[in-house]
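Undergrad: Before I ask anything, here is the structure I am working with.
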Amino acid sequence: MSGRAPLVGARVLLGVSGGIAAYKAAELLRELQRAGAQVQPLLTAAAEALVTRATFAALSGRQVPASVWEDPAAVEHVALARWADVLVVAPATAHTLARLATGLADDVLTSTALAFAGPVVVAPAMHTEMWQHPATRANLAVLEGRGVRVVPPGSGALTSGDVGPGRLAELDELVDAVAAALAPARGLAGVRVLVSMGGTREPIDPVRYLGNRSSGRMGAAIASEALRRGAEVTVVAAATRVDPPAGARLLLVETAQQLYDAVLAEAAAQDVVVMAAAVADFRPKSVAEGKLKKDRGVPEVLLEPTPDTLAELGRRRRDGQVLVGFAAETDDHLAAARGKLAAKRLDLVVLNHVEGERSAFGAAAADAVLVDADGAEELLGASKPAIAGRLLDRVEALLPAARG
Ligand code: CTP
């Protein structure tokens, strides 16, 4: 943590749920105040089994509501949500994470969280088994997918006598995470970033197409993160299941050809191009004018290659421009990604798996490997926003200003 007071003037909601680490939340409150914040504590009923509201009221100098029914006329959860700049839940139990992930509003903390539109930080603390349970992993993935920052638990002695991950993160780490949530990095200020996302559709006849399973989540996460870092973002979106982020300039396309035309028309003006779209490699050679009818027999659909946008970007790239490609591979992953890097003159390839349990398509979290000419960085089980963050850290380092 820096010696400065990184939270001067910040209004922090401190949610405390019922893990044994709840006692540490009193000290966290103090640390947040030392960093300059005003802190409003909110305790769950389970937290109150371990620590008292009186402690938190005395330390914060504020009323700590026991429930939304205490003073219904004040509509406290809405008023607090409007008051706050940031919400941090520490410790966050598995149960409270589940409630936050599903949007339950069954106490004053979760009701306030649901009414709150600003940045959220959660610091899970629980026994290792609960931390590793697929239900907890899935809830965390949902929260991360929504932009919630997770400060993972540390490893060490737990109250059960076991040793493993589950301890509440260190207090200075938590204060740093709250400060980071409030002061987003501006490392891409003024940088022009184009992100392609979604899956192309290649018409067979007026009603049918060849498509793929891309949801657009990865591209949307990259575009959101680039916006958060101050970039001027253009999104070229093929079919998606998620909306591109508001704030980006949006160009809608359907086919690989349209995507090629749109991206290449924009590319010269861009500092960074990230090709997260799943682009069809083949399209029907001819598109039937009318709907193909089954009484005419089974049609033979002949395919032809589509133009390769990424390869063309590599050919046309100018000095200092950063190019990032994706590789969805089923076998010989790393070798294929390295081949793509060299053949298409890319700075970075994000390698995803497209088979089995960890398939990247449509998933909130996926394993990814960032491959550059020097090596490979594995991001195991990372959420798409986390992959986007790491990817853009690498892009920032590649930009000419950073290269010096
Ligand atoms: N891509 C593209 N234009 C195409 C096909 C793909 O720009 N016609 C881009 C994708 O956006 C992605 C990357 O190329 O960033 C990798 O796509 P992928 O289909 O995994 O591999 P290909 O390069 O097409 O090669 P291969 O078929 O050999 O795997």
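The values are calculated or read from the model by the stated rules, or taken from the named source; none is laboratory data. None of the values given here were measured: they were computed from a predicted structure. Because the Cβ atoms are built from the backbone with ideal geometry, glycine has one as well, and the counts that use them run over all protein chains shown. Surface accessibility is based on the protein's heavy atoms, side chains included, excluding ligands, DNA and RNA. Shrake-Rupley method; radii C 1.70, N 1.55, O 1.52, S 1.80 Å.
Undergrad: Relative contact order for segment 195-257: what is it in percent, counting Cα pairs under 8 Å that are at least 6 residues apart?
TA: The normalised contact order for segment 195-257 reaches 39 percent.
Undergrad: Convex hull volume of the Cα atoms in segment 153-304, per residue, in Å³?
TA: Dividing the Cα hull volume of segment 153-304 by its residue count gives 181 Å³.
Undergrad: Which FRET efficiency, nearest 0.05, do Arg315 and Ala288 yield, Cβ-Cβ r, R0 51 Å?
TA: FRET efficiency, Arg315 to Ala288: 0.95.
Undergrad: Just want the answer: with Cβ charges of +1 for Lys and Arg and -1 for Asp and Glu, which residue in Gly15, Leu392, Val235 is farthest toward the dipole's positive end in the chain?
TA: Val235
Undergrad: Starting from 0.36 nm per residue, how many nanometres of slack lie between Ala54 and Arg296 once their C-alpha separation is accounted for?
TA: Stretched fully, the Ala54-Arg296 segment lengthens by 79.2 nm.
Undergrad: What Rg and what Dmax come out for segment 169-224 when only alpha-carbon atoms are used, in angstroms?
TA: 19.5, 60
Undergrad: Also, quick follow-up: If you look for lysine pairs in the chain that are eight or more places apart or on different chains, how many of them have Cα atoms under 26 Å apart?
TA: Eligible lysine pairs with Cα atoms under 26 Å apart amount to 6.
Undergrad: Amide H neighbours of Arg192 under 5 Å, at least 5 residues apart or on other chains, H built in the peptide plane: list them.
TA: Those qualifying (amide H under 5 Å, at least 5 residues apart or on another chain) are Glu232, Asp271, Val272.
Undergrad: Can you sort Asp205, Asp107, Asp308, Asp374 by solvent-accessible area, 1.4 Å probe, largest first?
TA: Result, largest first: Asp374, Asp308, Asp107, Asp205.
Undergrad: Hey, if we sort Tyr260, Tyr209, Tyr23 by accessible area with the 1.4 Å probe, largest down, what's the order?
TA: Tyr23, Tyr209, Tyr260
Undergrad: Residue by residue through segment 160-165, which ³J(HN,Hα) values in whole Hz follow from phi under the Karplus form 6.51 cos²θ - 1.76 cosθ + 1.60 (θ = phi - 60°), with glycine and proline marked x?
TA: 5, x, 7, 10, x, x
Undergrad: Lys and Arg at +1, Asp and Glu at -1: add these up for the other residues within a Cβ distance under 13 Å of Lys291 and post the number.
TA: Taking every Cβ under 13 Å from that of Lys291, the sum is +1.
Undergrad: Provide Rg and Dmax in Å for segment 266-334, with only Cα atoms included in the calculation.
TA: Spelled out, the Cα radius of gyration and Dmax of segment 266-334 are 17.8, 57 Å.
Undergrad: Separate question: Which one of Gly161, Leu292, Ala138 has its Cα pushed farthest toward the positive end of the charge dipole of the chain, where Lys and Arg give +1 and Asp and Glu give -1 at the Cβ?
TA: Going by the charge dipole, the pick is Leu292.
Undergrad: A follow-up question, please. How would Ser383, Ser160 rank on accessible area, largest to smallest, probe 1.4 Å?
TA: Listed by decreasing accessible area, they come as Ser160, Ser383.
Undergrad: Where the convex hull is taken over the Cα atoms of segment 216-340, what is its projected area averaged over directions, in nm²?
TA: For the Cα atoms of segment 216-340, the hull's average projected area reads 10.3 nm².
Undergrad: Let me ask something else. How much accessible area does Met130 have with a 1.4 Å probe, in Å² rounded to the nearest 10?
TA: Looks like 90 Å² after rounding.
Undergrad: Would you calculate a helix-derived [θ] at 222 nm for the chain, using -39,500 (n - 2.57) for each DSSP H run of n ≥ 4 and dividing by the full residue count, to the nearest 500?
TA: Rounded to the nearest 500, it is -10000 deg cm²/dmol.
Undergrad: Determine the dipole magnitude for the chain: charges of +1 sit on the beta-carbon of Lys and Arg, -1 on that of Asp and Glu, nothing else is charged, the reference point is the Cα centre, and the result goes in debye to the nearest 20.
TA: The dipole of the chain has a size of about 720 debye.
Undergrad: Let me ask another. Report the far tail of the P(r) of segment 239-287, meaning the percent of Cα-Cα pairs longer than 18 Å.
TA: Considering segment 239-287, 38 percent of its Cα-Cα pairs are separated by more than 18 Å.
Undergrad: May I ask for the percentage of alpha-carbon pairs in the chain that lie more than 34 Å from each other?
TA: Percent of Cα pairs beyond 34 Å in the chain: 40.
Undergrad: Segment 152-230 to segment 308-344: how many Å between their Cα centroids?
TA: 22
Undergrad: Quick one, could you list the DSSP H helices from the chain stretching 18 Å or more along their long axis (Cα atoms) with average Kyte-Doolittle hydropathy of 0.0 or above?
TA: 384-398
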